There are 2 protein chains.
Amino acid sequence: MIRLGIFDSGIGGLTVFREVRAALPGADILYFGDTARVPYGTKSAETVTRYSLQIAWYLVGRGVDAVVVACNTSSAYAIDVLREVLDVPVFGVVEPGARAAVEASETGKIGVIGTRGTISSGAYQKAIARISGDVKVIASACPLFVPLVEEGWLTDSVTRDVASRYLAPHLKGGVDTLVLGCTHYPLLKETIGEVMGGDVRLIDSARETAREVKAFAEEKGLRDEKIPGKERFEVTDSPARFFDVGRIFLQHELEDIRQVNIVEGE
Amino acid sequence: MIRLGIFDSGIGGLTVFREVRAALPGADILYFGDTARVPYGTKSAETVTRYSLQIAWYLVGRGVDAVVVACNTSSAYAIDVLREVLDVPVFGVVEPGARAAVEASETGKIGVIGTRGTISSGAYQKAIARISGDVKVIASACPLFVPLVEEGWLTDSVTRDVASRYLAPHLKGGVDTLVLGCTHYPLLKETIGEVMGGDVRLIDSARETAREVKAFAEEKGLRDEKIPGKERFEVTDSPARFFDVGRIFLQHELEDIRQVNIVEGE
């Protein structure tokens, strides 16, 4: 049996939680959402890295076998530091997403969308370039997508207008593959798909990441599906809003949500 | 000469800073933006109160004569606790806004818009009821307004669509006065005014608050306009984005921005 710690700036990482749960029904999962300091996408590399370290250390202290960084911004800024300082394997969402995009693209023109932080870090662009030198990447930030999802306007006409605006450079650039580089974006798949047209492949980093975590569990002999794994949710702000918005993400109600404080004096 | 500490969850409080600066050109002002934990509007009463206390204590430790709570959510949740524990006067934005709205309204139908936190706290509704029992209040949250302002889409067609949606209950309810109960909203005055029509008065809490702070300084003999006051900006995240978005708010560049850490271990 594998014990996994999945962390995110807040609620969005539940898309990763869902995929990991589907891939490893027997895993014990501790999901940590930093809802008192969310979002990370508009904050600096230094601040996001500091927060990510605090959370990862906390999870390791709770005895997890591996840490999954569900937050794209955190994966983009902090993954190298986390791997350097932690004694357990660390999975981010950027590399699996980048790999899947390169595999999916036939024309070698790939679009990446994400928060300001994720895009300006250049993490996806660099990860894609490491895998294939022969790819053209168009990357752009879509800061309104997260608040639109949290408002629940998943297929609203306003959301479609915003998407048309944000995705124009990708359409113009003729990408055949678009990486949804933020945990919230898979919930906008329908709207983004409509704007981009049916031929463009949408890459969901969450699903790709779950595949890698599953492969790791199998390799280490930690996959055990005899009994369903436990799950627990810990958040830094009051659980009420996490509970409410969590339903949009998981389509069922979350149990066992607790508020914790991981920073002394905070 | 008066030394003022103005704090906000982030950048938005610069609308209050601007009005206080105009009202008291001789005041020394320390502006504090909690950009590493912004926004407050989606967070719980307990978390917002804890953050507000940390900042207010820090400002008092820096020797300010009064604390101005520029953040509406913070004013809504934390003002009573702050007044209880601090030894200096504390000014919030809710009461001045409520007073101005009651004075401005002829029909007694007042609308209030703000963040989820501000609206669900009921602070404006209660403050208005305390001033006049004969007023009907329609209050609603407008969560997308802040990200739209920070995207710089102040008079965009998307913003007008969102405003039409959010303001429909106020139009339908026939309010003659609308309180802009969030620091960011004065930047949407043009768009909100277009949707509501020219006869509806828009109340800018920032301006009303500045008037009260000025009256306090005069009463205490602390108003001194012989030399222009100093100003300094302190933020908890990197100053870069505060500098960039600050220009949208002040229409000029900010000098002397420093990053500080007010929570030990954080």
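The values are calculated or read from the model by the stated rules, or taken from the named source; none is laboratory data. This one's a predicted model, so the numbers in the text were calculated from it and none came from an experiment. Note: ideal-geometry Cβ built from the backbone for every residue, glycine included; neighbour counts use all protein chains shown. Just so you know, the surface numbers come from the protein's heavy atoms only, side chains and all, with ligands and any DNA or RNA stripped out. Shrake-Rupley method; radii C 1.70, N 1.55, O 1.52, S 1.80 Å.
When you scan region B:165-185, how many residues do you find that are touching a residue at least 12 places away in the same chain (Cβ under 8 Å) and not in a strand (DSSP E or B)? Quick ask: steps written out before the conclusion?
Pass one, region B:165-185, residues touching a residue at least 12 places away in the same chain (Cβ under 8 Å): B:166-167, B:169-171, B:173-185.
With the extra rule that they be not in a strand (DSSP E or B), the set shrinks to B:166-167, B:169-171, B:173-176, B:182-185.
Selection size over region B:165-185: 13.
For the subset of region A:206-215 comprising residues that are hydrophobic (A, V, I, L, M, F, W, C) and surrounded by 18 or more Cβ atoms within 10 Å (Cβ to Cβ), which member is farthest from the chain's Cα centre (by Cα)? Once the filter is applied, the top-ranked residue is A:VAL213.
When restricted to residues that are open to solvent by 20 Å² or more (accessible area, probe 1.4 Å) and touching a Leu at 6+ places or on another chain (Cβ under 8 Å), region B:1-29 contains 4.
Of all residues in region B:214-242, those that are within 14 Å of another protein chain (Cβ to nearest Cβ) have Cβ atoms under 7 Å from Cβ atoms of residues that are open to solvent by less than 20 Å² (accessible area, probe 1.4 Å) and in a helix (DSSP H, G or I), 6 or more apart or on another chain, in B:VAL235/B:PHE242; B:ASP237/A:THR47; B:SER238/A:THR47.
Considering the conditions (1) open to solvent by less than 10 Å² (accessible area, probe 1.4 Å); (2) within 28 Å of B:ASP224 (Cα to Cα); (3) of a type outside the set (D, E, K, R); (4) in a helix (DSSP H, G or I), B:ALA78 is excluded by exactly one of them, (2). The set of residues in region B:240-266 being surrounded by fewer than 10 Cβ atoms within 10 Å (Cβ to Cβ) and among the polar types (S, T, N, Q) consists of B:GLN251 alone. Residue count for region A:128-139 under the criterion of being touching a helix residue (DSSP H, G or I) at 6+ places or on another chain (Cβ under 6 Å) and either part of a helix (DSSP H, G or I) or open to solvent by less than 40 Å² (accessible area, probe 1.4 Å) (or both): the result is 6. Within region A:31-49, the set of residues being of a type in the set (A, V, I, L, M, F, W, C) and within 15 Å of the chain's Cα centre (by Cα) comprises A:PHE32, A:VAL38, A:VAL48.
Any idea which of B:LEU24, B:LEU53 is without any contact (Cβ under 8 Å) to a residue 60 or more places away in the chain, hydrophobic (A, V, I, L, M, F, W, C) and out of contact with any strand residue (DSSP E or B) (no Cβ under 7 Å at 6 or more places or on another chain)? Even if it seems obvious, please write down each step before you answer.
On the way: B:LEU24 fails: without any contact (Cβ under 8 Å) to a residue 60 or more places away in the chain.
None of the others qualify; the one that does is B:LEU53.
A single entry from A:LEU144, A:LEU188 fulfils the requirement of being open to solvent by less than 20 Å² (accessible area, probe 1.4 Å), under 20 Å from the mean Cα position of the chain (by Cα) and touching a residue at least 24 places away in the same chain (Cβ under 8 Å): A:LEU188. For A:ASP199, indicate whether it is free of Cβ contacts under 8 Å to residues at least 40 places away in the same chain, surrounded by fewer than 14 Cβ atoms within 10 Å (Cβ to Cβ) and in contact with a Lys or Arg (Cβ under 9 Å, 6 or more places away or on another chain). Answer is no for this residue. Restricting region B:163-190 to residues that are away from chain A (no Cβ under 14 Å) and under 23 Å from A:TYR166 (Cα atoms) leaves a set whose member that is modelled with the lowest pLDDT is B:LEU187.
Would it be correct to say that B:ARG83 is closer than 18 Å to B:THR183 by Cα and outside the structural domain of B:ILE113 (by TED's automatic domain parsing)? No, not satisfied. Scanning region B:32-53 for residues that are within 17 Å of B:PHE233 (Cα to Cα) and either within 11 Å of chain A (Cβ to nearest Cβ) or of a type in the set (A, V, I, L, M) (or both) yields B:ASP34, B:THR35, B:ALA36, B:ARG37, B:VAL38.
Residue-level check: of (1) away from every other protein chain (no Cβ under 14 Å); (2) open to solvent by 10 Å² or more (accessible area, probe 1.4 Å); (3) more than 17 Å from the chain's Cα centre (by Cα), B:ALA123 misses just (3).
In region A:149-162, the residue that is farthest from the other protein chains (Cβ to nearest Cβ) out of those that are open to solvent by less than 30 Å² (accessible area, probe 1.4 Å) and either hydroxyl-bearing (Ser, Thr, Tyr) or touching a Leu at 6+ places or on another chain (Cβ under 7 Å) (or both) is A:VAL149.
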